[in-house]
Amino acid sequence: MDLFIAKLFNPATQFFALCWIVVVIISITLHELAHGWTAYRLGDPTPMAMGRLTGNPLVHMGPFSLVALAIVGIAWGQMPIDSSRLRGRHAEALVAAAGPATNVLLALLAMVTCGLLIRFSLLPGDDELAKRIVLFLSVAGSANLWLAVFNLMPVPPLDGSHIVATYARFYARFVWEPGNQGFMILAFVFGFVIFDTLISSRLIVLSERLIALIAGI
């Protein structure tokens, strides 16, 4: 199976690959910023003190993540949070949910924009440019749906685990128990494979159908 980087050197897939890289970088950066800003507003100065409330993707993703994105098409980000400094019973869940919520908003923005451009014939007359705009917005919609749903899986270190742990202490004790970390790693790998195999394609179809619905086609 070819690595993602091969798409960058194939004229037939090059633009898609570039769209994917740009969309993922922007989406992960905004995802992490949402975590950091929410944590800061709820009493944790850590993101601000560490200079993480910035739009610089390198700060949020790091060089290794960016290289992985170019080679295999997968990347990740990180936002330092001190949950002990958050205020409120629901604070940790709100901080965790802020990232996926941002991806949902980005997905809706991309899909609605794409659908409206098609519906009201607002795309450029140049067919090739029009196709590229539609492709970029379609990728933005499906990629952000993917990021939102994937991050809500209740497996560390994903956001879903923090949301569930906020309200289920027995779960929190289990997943953060040092002796269970090996099991959690296996659960994450298994969850990723299942998600990519069974859910990813359905999210792409959902994105395409929503765009078509808005476009009236």
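Set side by side, the residues I5, I26 differ, and just one is within 21 Å of the chain's Cα centre (by Cα), under 20 Å from L137 (Cβ atoms) and not charged (D, E, K, R), which is I26. Listed by first and then second residue, the pairs with beta-carbon distance under 9 Å, at least 6 apart or on different chains, first residue in the range 170-190 and hydroxyl-bearing (S, T, Y), second surrounded by 12 or more Cβ atoms within 10 Å (Cβ to Cβ), are Y171/P154; Y171/S161; Y171/V164; Y171/A165. Close contacts from the range 88-113, counting a first residue that is farther than 29 Å from P45 by Cα and a second that is assigned to a helix (DSSP H, G or I) and β-branched (V, I, T), with Cβ to Cβ under 7 Å and a gap of 6+ residues or different chains, come to M111/I211; M111/I214; V112/I214.
Run down A107, A187, A165 and say which single residue is closer than 23 Å to G73 by Cβ and buried (at least 19 other Cβ atoms within 10 Å of the Cβ). Show your work before the answer.
On the way: A187 fails: buried (at least 19 other Cβ atoms within 10 Å of the Cβ); A165 fails: closer than 23 Å to G73 by Cβ.
The unique qualifying residue is A107.
A single member of W76, W37 is under 16 Å from W146 (Cα atoms), at pLDDT 95 or above and aromatic (F, W, Y), and it is W76.
Counting the residues of the range 39-56 that are crowded, with 17+ Cβ neighbours inside 10 Å and of a type in the set (G, A, S) gives 1.
From the list G62, G77, G36, exactly one residue is surrounded by 14 or more Cβ atoms within 10 Å (Cβ to Cβ), free of Cβ contacts under 8 Å to residues at least 24 places away in the same chain and of a type in the set (G, A, S). Which is it?
After ruling out the rest, the residue left standing is G62.
May I ask you to list the residues in the range 140-164 that are among the aliphatic types (A, V, I, L, M) and either at pLDDT below 95 or not in a helix (DSSP H, G or I) (or both)? L152, M153, V155, L158, listed by residue number. R132 meets all of the listed conditions (1) under 30 Å from R87 (Cα atoms); (2) over 15 Å from the mean Cα position of the chain (by Cα); (3) not aromatic (F, W, Y) but one, namely (1).
The values are calculated or read from the model by the stated rules, or taken from the named source; none is laboratory data. What you see is a predicted model; the values in this text were computed from it and never measured. We place every Cβ from the backbone using ideal geometry, glycine too, and count neighbours over all the protein chains shown.
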